[in-house]
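Report on one structure; see the data block that follows.
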Amino acid sequence: MNSTRRTFLKQSLVTTSGAGLAALLPGQLWAAEQQPAASDKLVVGLIGCKNMGWSNLDDFLKVPGVECAALSDIDDEWLNKRAADVQERTGKKPKLFKDFRKLLEQKDIDAVIVGTPDHWHCLNMVYACQAGKDVYVEKPLANSIAECDIMVRAARKYNRIVQVGQQQRSDNLWRDVINFVHSGKLGKIRRVKVWANFNYAAGQPIAPDEPVPQGVDFDMWLGPAPARSFNRNRFHGLWRMFWDYGGGLMTDWGVHLLDMALWAMNIQGAPKATIGMGGLFAGEGNAVETADTQNVLYQFDDFTLEWEHNAGIQTGPNGRIYGITFVGSNGTLWADRDTWEVIAEGWGENARMQTVPQQKSDGQGHLNHVRNFVECVKTRQTPVCDVQVGYDAAFYAHIGNIAYRTGETLVWDETKKQFSNSPAANKLLTPVYRAPWELPRL
Ligand SMILES: NC(=O)c1ccc[n+]([C@@H]2O[C@H](COP(=O)([O-])OP(=O)(O)OC[C@H]3O[C@@H](n4cnc5c(N)ncnc54)[C@H](O)[C@@H]3O)[C@@H](O)[C@H]2O)c1
């Protein structure tokens, strides 16, 4: 989108969301939503189509004015399936590209959605910024702290709107939770605990390497990651449990839930110290590298933040398989994506606060998140989960994994952007890219 069109969009948005809109009757409002002005058009492309990329695009297509011009995937099966899905939804077949760089060359595309595995996010996003596109990039922001840092710089240098797919930031349930914590009613909060227990993260039974499936450009799937032969256990969806592509539950769920802790506790910068422990204790015979059992403790001046995950089981505290709890002197707040509640300390006349009965989600978080991005592309305002918010959550998740992998108590030096006390941990900050791919220099 050129700057003239952006200015026009901005002006048209001011008109449609202002007094002019209020004058419309509800029926007219519906009709107006169905037929957006040509100026409200936003053309998107999707890179990485199978699972979350499609979930994102599906919600983008619910926003009036959004059109999908192109898809990119290295797997013909998913490229063709999602092309048919788009055609069914919109009546138009998008252009298809196996190489995402060709999609980025399309001048009519204003914004791209990045739904690839984590080891691709940095290159997808930085190249998109360089091509003048705004970016909705999935979480975790990237598979290393160095890549996350580069992505923040790219967004700023190329003046792009970047929303990270931590959709809890746009969920009314989580806003209510954060507002409640900020109200101070829980009293002095001394401990925040976050956990995630999921079967999938224990991996699948070990399987032999196989020929690359037909229609798959496996070299392009590996991209900057080390060369290796094809194995189904490291491919679609399952890559999460291998360090070259993902960080296990610590990054997969960690960024969503740690983000809520950072937001609620107004945490800026690194903790005073971080320790991590755990291992592969769930049993032998599964293809998995990331820990199936892990705890991380982040130390702050007057409270601790704890992470725990257990792969291969799906039960958890307070009946929640994942969630967050804020332990205050007056009461404890429990939350997951479906409900939240507060249990008061003491009872009867001695209760230190009013108990809050279970509150339910309206389930609109993801759609709100997409809408917020679309709105911000038009207004050039900062989205609710700007690249820096994504950086912060990914930073905490990655230092948790690095503490576990090194077994050392880690202290971060923000001025040097490395750990002050562990050469072993510093080696895990930056991935070694496989040629011809290069870590962007910005
Ligand atoms: N926000 C959320 O709640 C949420 C939920 C699930 C996944 N995610 C994130 O979404 C991302 C994708 O996860 P997934 O579960 O959809 O993974 P997936 O493996 O199911 O899908 C990834 C897709 O990307 C394609 N791909 C890989 N390399 C590519 C390349 N170079 N160019 C184009 N396409 C390429 C694959 O072929 C596949 O179709 C991850 O970063 C994950 O953490 C976020």
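The values are calculated or read from the model by the stated rules, or taken from the named source; none is laboratory data. If you're wondering where the values come from, they're calculated on a predicted model, not measured in any experiment. Note that each Cβ is placed from the backbone with ideal geometry, even for glycine, and that neighbours are counted across all protein chains shown. When the accessible area is computed, the model is the full protein with side chains, heavy atoms only, and any ligands, DNA or RNA have been set aside. Shrake-Rupley method; radii C 1.70, N 1.55, O 1.52, S 1.80 Å.
Residue pairs whose Cβ atoms lie under 8 Å apart, sitting 6 or more positions apart in sequence or on different chains, and linking a residue in the range 213-226 that is closer than 14 Å to Pro436 by Cβ to a partner that is aromatic (Phe, Trp, Tyr) and not in a loop (DSSP other than H, G, I, E, B), are Gly223/Trp120; Pro224/Trp120. Given the criteria basic (Lys, Arg) and farther than 22 Å from His256 by Cβ, does Lys50 qualify? No: the conditions fail for Lys50. I'm trying to understand the selection: among the residues of the range 116-170, which are within 20 Å of Trp221 (Cβ to Cβ) and part of a helix (DSSP H, G or I)? Passing the criteria: Asp118, His119, Trp120, His121, Cys122, Leu123, Asn124, Met125, Val126, Tyr127, Ala128, Glu147. Across the range 263-294, the number of residues qualifying as within 29 Å of Ser183 (Cα to Cα) and surrounded by fewer than 18 Cβ atoms within 10 Å (Cβ to Cβ) comes to 6. Just a yes or no: is a residue in the range 78-90 of a type in the set (A, V, I, L, M, F, W, C) and near the ligand (Cβ under 9 Å from one of its atoms)? Looking through the range 78-90, at least one residue is of a type in the set (A, V, I, L, M, F, W, C) and near the ligand (Cβ under 9 Å from one of its atoms).
Filter the range 105-116 down to the residues that are within 11 Å of the ligand (Cβ to nearest atom) and either surrounded by fewer than 23 Cβ atoms within 10 Å (Cβ to Cβ) or hydroxyl-bearing (Ser, Thr, Tyr) (or both) and list them by number. If the condition is that a residue be within 11 Å of the ligand (Cβ to nearest atom) and either surrounded by fewer than 23 Cβ atoms within 10 Å (Cβ to Cβ) or hydroxyl-bearing (Ser, Thr, Tyr) (or both), then Thr116 is the only one that fits. Checked across the range 226-244, the condition of being in the same structural domain as Asp336 (by TED's automatic domain parsing), more than 18 Å from Gln314 (Cα to Cα), surrounded by 18 or more Cβ atoms within 10 Å (Cβ to Cβ) and hydroxyl-bearing (Ser, Thr, Tyr) holds for no residue.
Inspection of the range 196-205 finds a residue satisfying the criterion of being part of a loop (DSSP other than H, G, I, E, B) and not aliphatic (A, V, I, L, M). A residue that is open to solvent by 30 Å² or more (accessible area, probe 1.4 Å) and more than 15 Å from the chain's Cα centre (by Cα) cannot be found anywhere in the range 389-399. Can you give me the number of residues within the range 381-409 that are more than 17 Å from Gln268 (Cα to Cα) and either in contact with a Lys or Arg (Cβ under 7 Å, 6 or more places away or on another chain) or in the same structural domain as Val177 (by TED's automatic domain parsing) (or both)? Final tally of qualifying residues: 9.
You will find that of Glu289, Glu306, the residue that is charged (D, E, K, R) and without any contact (Cβ under 8 Å) to a residue 60 or more places away in the chain is Glu289 and no other.
Considering the range 410-425, and only residues there that are under 14 Å from Gly269 (Cα atoms) and of a type in the set (S, T, N, Q), the residue that is least open to solvent (accessible area, probe 1.4 Å) turns out to be Gln418.
When Gly319, Gly331 are checked against the criterion of being open to solvent by 50 Å² or more (accessible area, probe 1.4 Å) and either under 19 Å from Met250 (Cα atoms) or in the same structural domain as Asn179 (by TED's automatic domain parsing) (or both), Gly319 stands alone in meeting it. Filtering the range 137-157 to residues that are closer than 20 Å to Leu57 by Cα and more than 10 Å from the ligand (Cβ to nearest atom) leaves nothing. Taking every residue in the range 235-256 that is closer than 16 Å to Asn51 by Cα and near the ligand (Cβ under 8 Å from one of its atoms) and pairing it with any residue that is assigned to a loop (DSSP other than H, G, I, E, B) and of a type in the set (D, E, K, R), at least 6 positions away or on another chain, the pairs with Cβ-Cβ distances below 9 Å are His236/Lys50; Gly237/Lys50; Asp252/Lys139. Pairing each residue of the range 62-81 that is in the same structural domain as Lys107 (by TED's automatic domain parsing) and modelled with pLDDT of 95 or more with any residue that is hydroxyl-bearing (Ser, Thr, Tyr) and surrounded by fewer than 20 Cβ atoms within 10 Å (Cβ to Cβ), provided the two are 6+ apart or on different chains, yields C-beta distances under 9 Å for Gly65/Ser39; Glu67/Thr90; Cys68/Thr90.
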